[in-house]
Amino acid sequence: QWYQRRVVITAGGCGAFIHGMEDEYSAVRSNTVQAMCTLSTSCPEFGVESMSHLVDMLNDEIQGVRLLAIRSLRLISENVHLHEDQLETVMSVLEESNVEIRHNLHDLLSSCQLNSQVSAKP
């Protein structure tokens, strides 16, 4: 079980994720998102900490990176809750012209849990 083992990530390790998300190459950003998703699914505590960073990746300039971030958020959404500011970011991406991104966003929104009832109000 995940709670029986401790995952220790040093400050340098977290810094590597930040650098990976800000890298100029989309392949590096994509691999960083995948690594964060993998670690988040096996360690929900990391998922809680990484949620806002994955939501930020929805604003990436490359559609493939945005799509991967949406799918990653979908995978970890059962373990973590969206905050109001994160929900606003997700909702703003619904204006995306790419049908696949919008479809995956709908899947994410249908599966995610909101942090408060205020988040559910229009």
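A few remarks follow.
- The accessible-area ordering, largest first, of the residues S110, S26 stands as S110, S26, per a 1.4 angstrom probe.
- Per-q log10 I(q)/I(0), segment 15-122, q = 0.12, 0.17, 0.19, 0.23 Å⁻¹ (Debye; single scatterer per alpha-carbon; no solvent): -0.36, -0.73, -0.92, -1.32
- Other residues whose C-beta falls under 12 angstrom from the C-beta of L73 contribute a net charge of 0, scoring Lys and Arg +1 and Asp and Glu -1.
- Among D85, D23, the sequence by solvent-accessible area, most first, with a 1.4 Å probe is D85, D23.
- Measuring nothing but protein heavy atoms, the accessible surface of segment 22-106 at 1.4 Å probe radius is 48 percent carbon and sulfur.
- The phi-based Karplus calculation (6.51 cos²θ - 1.76 cosθ + 1.60; θ = phi - 60°) puts the 3J(HN,Hα) values of segment 80-89 at 9, 10, 7, 8, 4, 5, 5, 4, 4, 5 Hz, whole numbers, x for Gly and Pro.
- Residue ranges 93-102, 68-77 sort as 68-77, 93-102 when ordered by packing (mean number of other C-beta atoms within 10 Å per residue, highest first).
- Integer Hz, Karplus 6.51/-1.76/1.60 couplings in order for segment 24-33, x for Gly and Pro: 6, 9, 5, 5, 5, 4, 4, 5, 5, 4
- Gyration tensor (alpha-carbon) shape descriptor, segment 23-83, a/c threshold 1.5: prolate
- Whole-Hz Karplus values for segment 43-56 come out as 9, x, 4, 5, x, 4, 6, 8, 3, 5, 5, 5, 5, 4 Hz, taken residue by residue from phi with 6.51 cos²θ - 1.76 cosθ + 1.60 and θ = phi - 60°; glycine and proline positions read x.
The values are calculated or read from the model by the stated rules, or taken from the named source; none is laboratory data. Everything numeric in this text was worked out from a predicted model, so none of it was measured. When we count neighbours, we look across all protein chains shown, and the Cβ atoms used for this are built from the backbone with ideal geometry, even at glycine. Areas reflect the complete protein model, heavy atoms only, side chains present, ligands, DNA and RNA absent. Shrake-Rupley method; radii C 1.70, N 1.55, O 1.52, S 1.80 Å.
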